[in-house]
Amino acid sequence: MKKQHVKNSRAYCLGVESTADDFSVGVSTFEGEVLANVIDAYVPMEGGIHPREAARHHAEVASTVLEEAFAKSSVRPREVSIIAFSQGPGLGPCLRTGATIARAMAAYLDVPLVGVNHCVAHIEIGKLRSGARDPVTLYVSGGNTIVAAFDSGRYRVFGETLDIALGNCLDVFAREAGLRQKKGVPFGAAVEELAAKGKRLIPLPYTVKGMDMSLSGLLTAATALVKKKECRLEDLCYSLQETAFSMVTEVTERALAHTEKREVLLTGGVAANRRLQSMIKVIADEHGAEFNSVPTEFAVDNGAMIAWTGVLAYTNGLVTPISESYVRSRWRLEEVEIPWIKSEGLS
Ligand code: ATP
Ligand code: FE2
């Protein structure tokens, strides 16, 4: 029998996020007050993320990040009621590092463990922080490009990328263009800054198939042009953004028209981009829907979103026995039951 901390005065969930390059620990109350959200990002010396190196980073920073989360939240380990962790989707070695830490803590503290779907967590923290109740969500990050909305007990994927994610497309382009990554300045933000100085729209492949998008052809074409050095980098960044953002905006708009939802939620690391925000706001306005963005701290990968979704799951009867706590690197959004949304439009 696990201890019944939740019957006591205040209940807290500690959430561990480790799907990709960020290791993060968040603490949330059962009422949705975020008390701590400590994020430590792994920045590769060069090139993209190497899963095992990122996992090593997570193992190295874990104790410091945990200590900081306890200090910031003023919650003592023994006061934690449940431990939630990002069970998938994500990079295997990174997920396993987070899962091992979460399992060890749950066993040591003798509290329930709750495995959380990373994509569900992005939507739930986005709703919590923005006040949206039943949105069409555009989740765009380094590893995901998904348009989703709740329908009949689950978040349904209305459209997604068929190959690379939008953030990955911007990051690879930036690297190919010779931009240097600075700590704290994502490649996407560097592309955004250059794009703001762009004037000429260079034709690039625009690929929407049904409700899905393909970004790899766009990346290949933009990269080939940057290597030729025939166009201004500012114009290429501008054209890359305009083309890629138009694709995700088109799919989001069609999901909005189909579902007739009254809200749009923009989240994930790429949601920090002001041009993308303005494009999504235009289609929201055109459909009489409310546009909701998520503060960057809660739009990027963060432990608070795992902690809060852990609360939602646990208070609706979901726990993850140790025997079922293996990581699920390809866990799809629509596989997850969402019992905390009792009927459409209410959560
Ligand atoms: P996930 O595991 O959900 O796929 P992730 O590890 O890629 O997430 P995030 O922090 O959510 O992490 O997103 C990072 C992405 O966001 C990177 O591709 C980065 O370049 C991009 N990004 C950050 N700021 C901006 C910006 N201002 N404009 C465009 N892209 C941005
Ligand atoms: Fe994410």
Among Arg52, Arg56, which is open to solvent by 40 Å² or more (accessible area, probe 1.4 Å), among the basic types (Lys, Arg), more than 21 Å from Thr296 (Cβ to Cβ) and touching a helix residue (DSSP H, G or I) at 6+ places or on another chain (Cβ under 6 Å)? Arg52
Quick check on Val147: is it surrounded by fewer than 23 Cβ atoms within 10 Å (Cβ to Cβ), within 20 Å of the chain's Cα centre (by Cα) and within 16 Å of ligand 2 (Cβ to nearest atom)? no
Looking at (1) more than 30 Å from Phe187 (Cα to Cα); (2) within 23 Å of the chain's Cα centre (by Cα), which one does Leu66 not meet, given that it meets all the others? (1)
Out of Arg180, Arg232, sole residue that is at pLDDT 95 or above and either more than 12 Å from ligand 1 (Cβ to nearest atom) or among the acidic types (Asp, Glu) (or both): Arg232
Against the condition touching a residue at least 40 places away in the same chain (Cβ under 8 Å), part of a loop (DSSP other than H, G, I, E, B) and not hydrophobic (A, V, I, L, M, F, W, C), how does Gly159 come out, does it pass? no
Check whether at least one residue in region 29-42 is outside the structural domain of Ala177 (by TED's automatic domain parsing), at pLDDT below 95 and open to solvent by 10 Å² or more (accessible area, probe 1.4 Å), and report yes or no. yes
In the set Pro77, Pro112, Pro89, the lone residue that is in contact with a Phe, Trp or Tyr (Cβ under 8 Å, 6 or more places away or on another chain) and open to solvent by 30 Å² or more (accessible area, probe 1.4 Å) is Pro77
Residue count, region 47-76, condition within 30 Å of Phe173 (Cβ to Cβ) and either among the small types (Gly, Ala, Ser) or in contact with a Leu (Cβ under 6 Å, 6 or more places away or on another chain) (or both), comes to 5
Would you say Gly153 is within 19 Å of Asn117 (Cβ to Cβ), away from ligand 2 (no atom under 16 Å from the Cβ), modelled with pLDDT of 95 or more and surrounded by fewer than 20 Cβ atoms within 10 Å (Cβ to Cβ)? yes
May I ask you to list the residues in region 234-265 that are open to solvent by less than 10 Å² (accessible area, probe 1.4 Å) and either of a type in the set (Ser, Thr, Tyr) or more than 22 Å from Gly217 (Cβ to Cβ) (or both)? Ser239, Thr252, Ala255, Leu256, Val264, Leu265
Val185 - would you say it is more than 8 Å from ligand 1 (Cβ to nearest atom), crowded, with 20+ Cβ neighbours inside 10 Å and either at positive phi or among the aliphatic types (A, V, I, L, M) (or both)? no
Looking for whichever is away from ligand 2 (no atom under 14 Å from the Cβ) and either at pLDDT 95 or above or not assigned by TED's automatic domain parsing to the domain that holds Thr249 (or both) here; the options are Ala299, Ala289, Ala271. Which one fits? Ala289
Output for Cβ contacts, cut-off 8 Å, separation at least six or different chains, first residue under 21 Å from Gly188 (Cα atoms) and charged (D, E, K, R) in region 276-305, second away from ligand 2 (no atom under 15 Å from the Cβ) and not in a helix (DSSP H, G or I), reads Lys281/Phe291
Where residues in region 127-144 are near ligand 2 (Cβ under 10 Å from one of its atoms) and among the polar types (S, T, N, Q), which of them is least open to solvent (accessible area, probe 1.4 Å)? Ser141
Of the residues in region 274-303, those that are touching a Leu at 6+ places or on another chain (Cβ under 9 Å) and either surrounded by 24 or more Cβ atoms within 10 Å (Cβ to Cβ) or of a type in the set (A, V, I, L, M, F, W, C) (or both) come to Leu276, Ile280, Ile283, Ala284, Ala289, Phe291, Val294, Phe298, Ala299, Gly303
Report, by residue number, each residue of region 247-282 that is small (Gly, Ala, Ser), within 16 Å of ligand 1 (Cβ to nearest atom) and more than 18 Å from the chain's Cα centre (by Cα). Ser278
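The values are calculated or read from the model by the stated rules, or taken from the named source; none is laboratory data. What you see is a predicted model; the values in this text were computed from it and never measured. Here the Cβ is made from the backbone with ideal geometry for all residues, glycine too, and neighbour counts use every protein chain on show. To get the accessible areas, we keep the full protein, side chains included, count just its heavy atoms, and leave off ligands, DNA and RNA. Shrake-Rupley method; radii C 1.70, N 1.55, O 1.52, S 1.80 Å.
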